[in-house]
Amino acid sequence: MSAPPDLYGRRSKDRMWAFAARAVDAFEAVTRKLAGGEEPPPKPVVSLSTTVVVRKVTPEAEDVVSVTLSAPDWSPLPAWQPGCHLDLILPSGTRRQYSLCGDPDDRSTYRIAVRKLGSGSREVHALGEGDVVTVRGPRNAFPFIQVPRYLFIAGGIGITPILPMVKAVRDKDWHLVYCGRTRESMPFLDEIADLDPARVWIRPDEEYGVPVSGKELLTWALPSTHVYCCGPPKMIAGVRVDRRTGLHFERFSPPPIVGGRPFEIELSRRGTVLEVPADRSALDVIREAVPGVGYSCRQGFCGTCTLKVAGGEVVHHDRVLTDDERREKMAICVSRGNGRIVLDL
Amino acid sequence: MEPENLALRPRDVRFDWAALPAHWIPGEPFATHMFNVMHLLLPEGERWFVEVFKEALPLITDERLREDVVGFIGQEAMHASAHQGAQDHLLQHGIDPAPYVRQLEWFFRERLDRPDGGRRWLVARLAVIAAVEHMTAFLGHWVLNSPKLDEAGADATMLDLLRWHGAEEVEHRAVAYDLFAHVDGGFVNRVAAMAIGFPALVWLWIRGVRYLMTVDPRCKGKARWRDLVRAGRKGLLPTVPYLVASILRYFKPGYHPSQEGSTSQAVAYLASSPAALAAEQ
Ligand code: FES
Ligand SMILES: [Fe+2]
Ligand SMILES: [Fe+2]
């Protein structure tokens, strides 16, 4: 009976472990008799994506439009709660995340709002009534919880996830600080005007100057307040400096790759060679060829995507491997290669 | 109303143990070591979860579940590495974790490695993980509601580790069960897995706390059952009746992990956890 050495250096085989190993044998024997061995009939693929139709494109502010989407037959869409976002897959294949900013009780439409900023959003602005897009989700990376007291801090287009939250807590204790460059650039002021004005501070830089610290925006926050903050990174950073408890901000997906160079990957066990373009990660490319490959954070810190390197020069960008480990492994989500690298896969 | 559709993602947490005292619940060596067993057990155990779940990934045909599993894998990997850091720190206090950890390595890497086990062995392991995740969920819920630990003056960083971990356990509590249900879901498998999983965990825990109390140069006495009862009464550990009642819920016909714990409470803790807040760059 195999077993590891004893805990206190008395025996080369631990008696209790030898006994426990027998219990595991018994478990194995039992599970061999139980169901689950036969390959079951293949399960239907359940997709997270759906096709939706653009029903309305409405200008909401300078450079901001809202887009109302629905199922082609107006059937109910998956339910969502304040804080949820959709992944929009645009005709060009570009994928962008947008917070849902409509009414969660309206099950037949989704509404998002988009500021023109970069190529993805320009494509959204070009959408017209009747166009068809694919969406994935909704998913919640900004979970909204029930607490007695809220402070919402929104900056510019960051109002989108906040708006349904504010509307959901109308009869609770809440305050909203809404920053932006100018009033003309701030969407949904009309909808906010329907709320209790004593609880709202519309704060355009044009009238109040650029906020110099998070503190300035946090005057309404008591120790027990939960602060929901969404806006430009600089604003969030300022709030984070001055608020250390009950602080919620949206968790974003990994940033796009900048300054990457193309390289090649050879999968030694499969004998295939894959090209990794400059703007994609090795993981993304490998996933297409090997759908079952493991990964999680896609930011180089969890270590679950690590693979053995059988050859080639790796440029490491992870935050998880030790120097020793780097000699034979790489985190394929962030690390890249010079020329061709060979992976044991 | 509980938040739903959570996008599970690992958090890049870091903990600094430089100032951690040996008995980080002051004057409570037994309770301290009951928690320290986690630092011995979880790095190996949770890495094993990660490996098994990676094996199961190709079987998932539900995209939402697949996303959940991907998030779960990273969270467990971060739990393992956070507890590994605390384990490494035990040496500073003259406690050598190696003999105990070596046994676990043998168990998880050799004994449970069955390359020829096929689908059946995968299903068996998924069932065990689902059962263990039921336990981590109610323990996570317990630690999020343990004011006595604060009152006893427990080390703030260690409490943050335990509660960040507990909160993520509550956050992802349904994933292992949903995965098992997706791949197999048989009631008998579920019961058999708990029937072996729970005693195994209890046994490993008892051995772990005995070992730590024996090799800790500051501890004169041995671990005794009455210490467990006492610490439970003081609210420093879950009580035995709480554990038994929680385990039994797993056998209820309509069981689903979403009935355990509260997502809102986990989200609220993560919004105040120093480690979780610092993790978002
Ligand atoms: S996916 Fe986390 S390190 Fe690569
Ligand atoms: Fe965990
Ligand atoms: Fe877990």
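The values are calculated or read from the model by the stated rules, or taken from the named source; none is laboratory data. Note that the structure is predicted; figures quoted are calculated from it, not measured. Because the Cβ atoms are built from the backbone with ideal geometry, glycine has one as well, and the counts that use them run over all protein chains shown.
On the basis of being within 16 Å of ligand 3 (Cβ to nearest atom), hydrophobic (A, V, I, L, M, F, W, C) and surrounded by 15 or more Cβ atoms within 10 Å (Cβ to Cβ), does A:CYS230 make the cut?
Answer is no for this residue.
Just for helices (runs of 4 or more DSSP H) wholly inside the range B:89-179: which have at least 3 residues that are touching a Gly at 6+ places or on another chain (Cβ under 8 Å), in contact (Cβ under 8 Å) with a residue 12 or more places away in the chain and within 13 Å of chain A (Cβ to nearest Cβ)?
Where helices (runs of 4 or more DSSP H) fall fully within the range B:89-179 and carry at least 3 residues being touching a Gly at 6+ places or on another chain (Cβ under 8 Å), in contact (Cβ under 8 Å) with a residue 12 or more places away in the chain and within 13 Å of chain A (Cβ to nearest Cβ), they are B:98-105, B:118-144, B:156-171.
Is it true that A:SER99 is among the polar types (S, T, N, Q), crowded, with 20+ Cβ neighbours inside 10 Å and within 16 Å of A:GLU250 (Cβ to Cβ)?
Spelling it out, A:SER99 is indeed among the polar types (S, T, N, Q), crowded, with 20+ Cβ neighbours inside 10 Å and within 16 Å of A:GLU250 (Cβ to Cβ).
Which members of the range B:119-138 meet the condition of being over 18 Å from B:ARG47 (Cβ atoms) and of a type in the set (D, E, K, R)?
Correct list: B:ARG119, B:ARG120.
Please indicate, with yes or no, whether at least one residue in the range B:227-241 is loosely packed, with under 15 Cβ neighbours inside 10 Å, touching a residue at least 40 places away in the same chain (Cβ under 8 Å), in contact with a Pro (Cβ under 8 Å, 6 or more places away or on another chain) and more than 14 Å from chain A (Cβ to nearest Cβ).
No: the range B:227-241 contains no residue that is loosely packed, with under 15 Cβ neighbours inside 10 Å, touching a residue at least 40 places away in the same chain (Cβ under 8 Å), in contact with a Pro (Cβ under 8 Å, 6 or more places away or on another chain) and more than 14 Å from chain A (Cβ to nearest Cβ).
Six or more apart or on different chains, Cβ atoms under 9 Å: show the pairs whose first residue is in the range A:7-23 and at positive phi and whose second is surrounded by 12 or more Cβ atoms within 10 Å (Cβ to Cβ) and not polar (S, T, N, Q).
The qualifying pairs are A:GLY9/B:PRO99.
Taking the residues in the range A:291-324 that are more than 9 Å from chain B (Cβ to nearest Cβ), surrounded by fewer than 21 Cβ atoms within 10 Å (Cβ to Cβ) and in a loop (DSSP other than H, G, I, E, B) as candidates, determine which candidate is nearest to ligand 3 (Cβ to nearest atom).
Ranking the qualifying residues of the range A:291-324, first place goes to A:LEU321.
Got at least one residue in the range B:61-79 being under 28 Å from B:SER146 (Cα atoms), buried (at least 21 other Cβ atoms within 10 Å of the Cβ), more than 16 Å from ligand 3 (Cβ to nearest atom) and hydrophobic (A, V, I, L, M, F, W, C)?
Within the range B:61-79, not a single residue is under 28 Å from B:SER146 (Cα atoms), buried (at least 21 other Cβ atoms within 10 Å of the Cβ), more than 16 Å from ligand 3 (Cβ to nearest atom) and hydrophobic (A, V, I, L, M, F, W, C).
For residues that are away from ligand 1 (no atom under 16 Å from the Cβ) and closer than 29 Å to B:PRO115 by Cβ, tally how many sit in the range B:17-47.
So the count comes out to 6.
So, in the range B:203-226, exactly how many residues are surrounded by fewer than 19 Cβ atoms within 10 Å (Cβ to Cβ), away from ligand 2 (no atom under 16 Å from the Cβ) and more than 12 Å from chain A (Cβ to nearest Cβ)?
Within the range B:203-226, residues that are surrounded by fewer than 19 Cβ atoms within 10 Å (Cβ to Cβ), away from ligand 2 (no atom under 16 Å from the Cβ) and more than 12 Å from chain A (Cβ to nearest Cβ) number 9.
Scanning for something of a type outside the set (A, V, I, L, M), in a loop (DSSP other than H, G, I, E, B), at pLDDT 95 or above and surrounded by fewer than 19 Cβ atoms within 10 Å (Cβ to Cβ), does the range B:259-268 turn up at least one residue?
Yes, that holds for at least one residue.
List the strands (runs of 3 or more DSSP E) that sit entirely inside the range A:136-211 and contain at least 3 residues that are within 14 Å of chain B (Cβ to nearest Cβ) and in contact (Cβ under 8 Å) with a residue 60 or more places away in the chain. It would help to see each step written out before you state the result.
Details: elements: A:149-155, A:173-180, A:200-204.
Hits in the range A:136-211: A:149-155.
How many of the residues making up the range B:7-21 are within 16 Å of ligand 2 (Cβ to nearest atom) and facing another protein chain (nearest Cβ under 7 Å)?
Here the count works out to 3.
Check off (1) more than 23 Å from B:GLU4 (Cα to Cα); (2) within 8 Å of another protein chain (Cβ to nearest Cβ) for B:HIS182 and give me the number that stays unchecked.
(1)
Being away from ligand 1 (no atom under 16 Å from the Cβ) and either within 25 Å of B:ARG163 (Cα to Cα) or free of Cβ contacts under 8 Å to residues at least 60 places away in the same chain (or both) is the requirement here; does B:VAL50 meet it?
The answer is no for B:VAL50.
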